[in-house]
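Data first, discussion second: the structure below is written as structure tokens.
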Amino acid sequence: MSNNKDYVHPYIPNSVPEVKAKMLEVIGVKDIEELYDDIPDNLRFKGELNLPEALPSEFSLKKHVESILSKNKTCQEYTSFLGGSCWPHYIPAICDEINQRSEFLTAYAGEPYEDHGRFQALFEYESLMAELLDLDVVNVPTYDWCQAVSTSMRMAERITRRGEVLVVDTVAPDRLLAIRNYCKPTVKVALVKHSPETGLIDLDDLKKKMSGDIAGVYIENPSFLGFIETQGQEVADIAHKNGALSIVGVDPGTLGVIAPPSHYGADITCGDIQPLGIRMNYGGALAGFIATRDEEKFVMEYPSRLFGISKTAVDGEWGFGDVAYDRTSFGVREKGKEFIGTGTALWGITAAVYLSLMGPRGMKDLGKHIMQKSQYAIKKLSQIKGVKTPRFQSVHFKDFVVDFNDTPKPVSEINRFLLDKGIFGGRDLSRDFPELGQSALYCVTEVHSQDDIDTLVEVLNEYL
Amino acid sequence: MKGKIYVEEKYKLRENFHQAKWDEPVIFELHTPGERGILVPEVEPAIEEAVGDGVSAIPNNMVRKKGPALPEVSQMRVLKHFLRMSQQCLGADLNIDIGQGTCTVKYNPKINEILAGLPAATELHPWQDESTVQGALEIIYKMDQFLREISGMDRFTLQPSSGSHAILVMASMLHAYHESRGEAEKRDELITTIFSHPSDPAAAVVKGYKVITLYPGEDGLVNIEALKAAVSDRTAGLFITNPEDTGIFNPKIAEFTRIVREAGGLCGYDQANANGILGITRAREAGFDFCFFNLHKTFSAPHGCGGPGAGALGVTKDLIDFLPVPVVDFDGEKYSLNDDLPHTIGKTRGFYGVFPVILKAYAWIMSLGGKGLKEVARVAVMNNNYILENIKNLKGAASPYPAGKHRIEQVRYTWETLTRDTGVTTEDVTNRMVDFGFHLWASHHPFVVPQPFTIEPTESYSKDEIDEYLEGLKKVVEEAYENPERVKTAPHNSVVHKIDHSTFDDPKKWAITWRAYLKKHGQEDKK
């Protein structure tokens, strides 16, 4: 890199010595060092940061990063049956086209004038999700489902002025940990049992644990373990009878064919929009939504940005802006509802593109396709000797538990064998759900072909 | 004008600028029954034969009876609609985005987007066998190593999803730490400063803390006696930014952390404002127990209209066991996920962190190296002081707190004089700047500095561009004095005109979704 020795880095234009000299002259100092005169000597970092040698040429940088990434094996190279809160779905080309647009990608916090498009796109995201959920209020997306459900619980706490929430014990393990942390120390979290046969929430246990202290009851649909919870209305009735709220986490990708939580009594609906046009990105591209009815007591408890539609000084022009800004911590710091900052807006826009493309027919077709595929996979897998699936006697959407307890091999060994055959087997549940023994969570969506499923079955047959 | 503006003549303002204006309808207005945007793949006939239509299996009470009322729009029209909306949005790639102080809006290198868009990054499932994600784990591990060097801290978690989320994680760990010592209940106060981000106090409240906010004296800094008066055996910790949002570096910061730590509290460093001090000064030497960086700000990942971002939270040795899990380990041969930290607060998001953002930040650091990071800081500070020198000479504007003081990476200015002289407010100036293709931001609330505006030029913009922006400010000030109505009725060349804000705080009128709008305003529109 000898010719680059005294380079001006392409990202730092004013490193050009002549420019620097001109600017320093205006400032009235001889050296940039003088601008740091407020930093005492004992706080100055002496010497050079010990970081790898720079790769200022774009070519070298690309080679370097590609060489690291080439150590990964992707779900394109392998057939993956992993799901459970980060799912493989087909991504329409236009989703990537839009979320790579410079204007959206590099905008941040402009006003509703120069960033009119940002406000409108996110308003449309809220509006499209609202149709899917059949609710009138949806937030600008937060980090992920973990945050969305945690905030839903704190909203319930504030609305009911009660200090405990009940959570069904089939909840995703990550979410339970996040809920516990976010609720601590002011909201207690207690678990409600599920039926060992069907997986559904145990209504007797729920009734037993209900009291005047309960702010909300949380269930998921489909559950983390994949089955459709059919007792949503009963759960909501029990909660409401006791003055508590019903909170339901839902996979929005199911809602073309399955009833949204608002149809069975949910007061707060939450979940993740990753299945709506967003790539898996090693679990790093999640985005959480929260939705409610359009009632002041709910709206005023959101910590999130809520973009609303309005008119302008010119007839026929749409304008957009922040609804009830003064409830946020941006408006009133610690007196606001929880906190707000950078969320996951770009994924919200991506989901808006996805839902616009899919329309009602697309969402319905998707739901049907996935249910056919997963039922086919369940049927075929259950024919393997010793394999029981679904583990729970319920209807499943795209995730389902495969029970290997009656086979001679533990899941870890089965998965190692599958890996050698180019297959990522289902998630080993033995640590998070020890009561299920040697079981794994498999996922099948529209990206799996019949051949993918048949091959999995063949390989398992061969091994077991 | 009261003094000389140093911009060179050639940088003329874009007086004929007009932002793209498509007068684009809302997507629901494009609905044409029967149109399709995309088709779902067909299920193989053998599958249909084996299991039927699939949906008949759904229990009756769970069937969606009426499909969602999503619009039906053909593919090209959806594309066009969203492209038009994107054109009605002024990203940093297009504008001279120095007017969004505190947010470090810098160049987001395109090569990093290409790298983060490779299937080797996007097509990974977080539960894949560790042997198949060694590259991803290596990136996360090395970012931890880099950030340790940059901050002097002992270990980082890359799990937080933004700066505010990192504050929440920090507050959670603070609570867990005091709990481990049997002091969680007693230590229920969190100290911060008014020029630290609103999430510093707000996220602390989520963890049950009472907040004490310290205000600056005339020098822009919190008096050390005020800190001493606030500290007690109830102090859990101090969350503070430095330089504060005024761009003023607190030279007594090590004394601040010492006072809090001697009282048994811990100190968290909000490093959202780190861009001017990379390689210059570090959290470790200033006595902090925690510090966090916003990878979507200082480390160049794009802001995405408001995320996804990533917060990287570093801690000293004593706090490593409290970090959220998993962390990434390296045994010299292979990288692995480690869930086994004895006092872990658990998890704060799904999986391991915002991988695409982490990857972009990694690439940015690799492009610059240690020397480059320091040059980033130095040039960012030079650019900032160059702007300060110019704005000092701008009629109607001022930089509160001592004049003549150098600032680090940004300055919070005031239009107080302009408003008094002309009636033109910060909001008016902001709306008029839009007409020349610029964005100007006021400040977080509350407006401690009256009629505030905050400029942070970073290292990314050339002197020419900075001069063009200054020329814009100068022009708007001239107008304010000569023809204030022109400014007060702005924007004139933006996407839309003065927005009616009267509905946004009225529960009967606000409309957060299209369906709510139709319910509340559909009838009056028909008239």
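The values are calculated or read from the model by the stated rules, or taken from the named source; none is laboratory data. Computed from a prediction, not measured in an experiment: that's the story for all the values here. Cβ coordinates were reconstructed from backbone atoms using ideal geometry, including for glycine residues, and neighbour counts include every protein chain displayed.
Numbers for the structure displayed
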read-out	value
Single residue of B:405, B:371, B:395 found to be more than 10 Å from every other protein chain (Cβ to nearest Cβ) and either of a type in the set (Lys, Arg) or under 22 Å from the mean Cα position of the chain (by Cα) (or both)	B:395
Any chance residue B:239 is in contact with a helix residue (DSSP H, G or I) (Cβ under 8 Å, 6 or more places away or on another chain) and either among the hydrophobic types (A, V, I, L, M, F, W, C) or at pLDDT 95 or above (or both)	yes
Unmet requirement for residue A:27, which otherwise passes all of (1) under 30 Å from residue B:124 (Cβ atoms); (2) within 7 Å of chain B (Cβ to nearest Cβ); (3) touching a helix residue (DSSP H, G or I) at 6+ places or on another chain (Cβ under 8 Å)	(1)
Every residue from the range B:461-475 that is facing chain A (nearest Cβ under 10 Å), over 15 Å from residue A:10 (Cα atoms) and surrounded by fewer than 20 Cβ atoms within 10 Å (Cβ to Cβ)	B:464, B:465
Where a residue in the range B:513-527 is under 12 Å from residue A:127 (Cβ atoms) and its partner, wherever it lies, is part of a helix (DSSP H, G or I), with Cβ under 6 Å and at least six apart	B:513/A:126; B:513/A:127; B:513/A:130; B:514/A:127; B:514/B:28; B:515/A:130
Residue within the range B:374-389 that is modelled with pLDDT of 95 or more, outside any helix (DSSP H, G or I), facing another protein chain (nearest Cβ under 10 Å) and crowded, with 21+ Cβ neighbours inside 10 Å present	no
Complete set of residues in the range A:426-448 that are at the interface with chain B (Cβ under 10 Å from one of its Cβ atoms) and over 22 Å from the mean Cα position of the chain (by Cα)	A:431
Residue in the range B:331-351 that is surrounded by the fewest Cβ atoms within 10 Å (Cβ to Cβ), counting only those that are in contact with a strand residue (DSSP E or B) (Cβ under 8 Å, 6 or more places away or on another chain) and more than 8 Å from chain A (Cβ to nearest Cβ)	B:338
Whichever residue in the range A:357-399 is in contact with a helix residue (DSSP H, G or I) (Cβ under 7 Å, 6 or more places away or on another chain) and among the aromatic types (Phe, Trp, Tyr) and, among such residues, is nearest to the other protein chains (Cβ to nearest Cβ)	A:376
Among the residues listed as A:353, A:323, the single one being more than 30 Å from residue B:159 (Cβ to Cβ) and at the interface with chain B (Cβ under 7 Å from one of its Cβ atoms)	A:323
Failed item in (1) β-branched (Val, Ile, Thr); (2) out of contact with any helix residue (DSSP H, G or I) (no Cβ under 6 Å at 6 or more places or on another chain); (3) surrounded by 23 or more Cβ atoms within 10 Å (Cβ to Cβ), with residue B:458 passing the rest	(2)
Residue match in the range B:308-321 (condition: in a helix (DSSP H, G or I), without any contact (Cβ under 8 Å) to a residue 24 or more places away in the chain and either touching a Ser or Thr at 6+ places or on another chain (Cβ under 6 Å) or of a type in the set (Asp, Glu) (or both))	yes
Breaking point among (1) closer than 24 Å to residue B:303 by Cβ; (2) part of a helix (DSSP H, G or I), for residue B:245	(2)
Members of the range B:30-62 found to be free of Cβ contacts under 8 Å to residues at least 12 places away in the same chain and either farther than 22 Å from residue A:254 by Cβ or under 41 Å from the mean Cα position of the chain (by Cα) (or both), listed by number	B:39, B:40, B:41, B:45, B:46, B:49, B:62
Of all residues making up the range A:63-73, the number that are part of a loop (DSSP other than H, G, I, E, B) and surrounded by fewer than 21 Cβ atoms within 10 Å (Cβ to Cβ)	2
Condition check for residue B:27: in contact with a His (Cβ under 7 Å, 6 or more places away or on another chain) and under 26 Å from residue A:262 (Cβ atoms)	yes
Condition met for residue A:314 (modelled with pLDDT under 95 and facing chain B (nearest Cβ under 7 Å))	yes
From the options B:424, B:429, B:434, residue that is of a type in the set (A, V, I, L, M), more than 10 Å from chain A (Cβ to nearest Cβ), crowded, with 24+ Cβ neighbours inside 10 Å and assigned to a helix (DSSP H, G or I)	B:429
Selection from the range B:288-343 of residues that are at positive phi and not hydroxyl-bearing (Ser, Thr, Tyr)	B:304, B:305, B:306, B:307, B:332
Residue within the range A:372-390 that is of a type in the set (Lys, Arg), under 12 Å from residue A:81 (Cβ atoms), touching a strand residue (DSSP E or B) at 6+ places or on another chain (Cβ under 8 Å) and in contact (Cβ under 8 Å) with a residue 12 or more places away in the chain present	no
Subset tally (residues that are more than 7 Å from chain B (Cβ to nearest Cβ) and of a type in the set (A, V, I, L, M)) for the range A:54-107	2
Sole residue being under 25 Å from residue B:394 (Cβ atoms), touching a His at 6+ places or on another chain (Cβ under 8 Å) and not aliphatic (A, V, I, L, M), chosen from B:493, B:483	B:493
Selected residue [among the small types (Gly, Ala, Ser), buried (at least 20 other Cβ atoms within 10 Å of the Cβ), under 21 Å from residue B:373 (Cα atoms) and more than 10 Å from every other protein chain (Cβ to nearest Cβ)] from B:274, B:286	B:274
Test: residue B:448 is crowded, with 16+ Cβ neighbours inside 10 Å, in a loop (DSSP other than H, G, I, E, B) and among the β-branched types (Val, Ile, Thr)	yes
Wholly enclosed helices (runs of 4 or more DSSP H) of the range B:142-240 bearing at least 2 residues in contact (Cβ under 8 Å) with a residue 12 or more places away in the chain, under 30 Å from residue B:405 (Cα atoms) and more than 9 Å from chain A (Cβ to nearest Cβ)	B:224-230
Unmet requirement for residue B:349, which otherwise passes all of (1) among the charged types (D, E, K, R); (2) closer than 30 Å to residue B:228 by Cα; (3) touching a residue at least 40 places away in the same chain (Cβ under 8 Å)	(2)
Only listed residue being small (Gly, Ala, Ser) and more than 7 Å from every other protein chain (Cβ to nearest Cβ), chosen from A:283, A:271	A:271
All positions within the range B:484-514 that are closer than 21 Å to residue B:418 by Cβ, more than 7 Å from chain A (Cβ to nearest Cβ) and among the basic types (Lys, Arg)	B:486, B:488
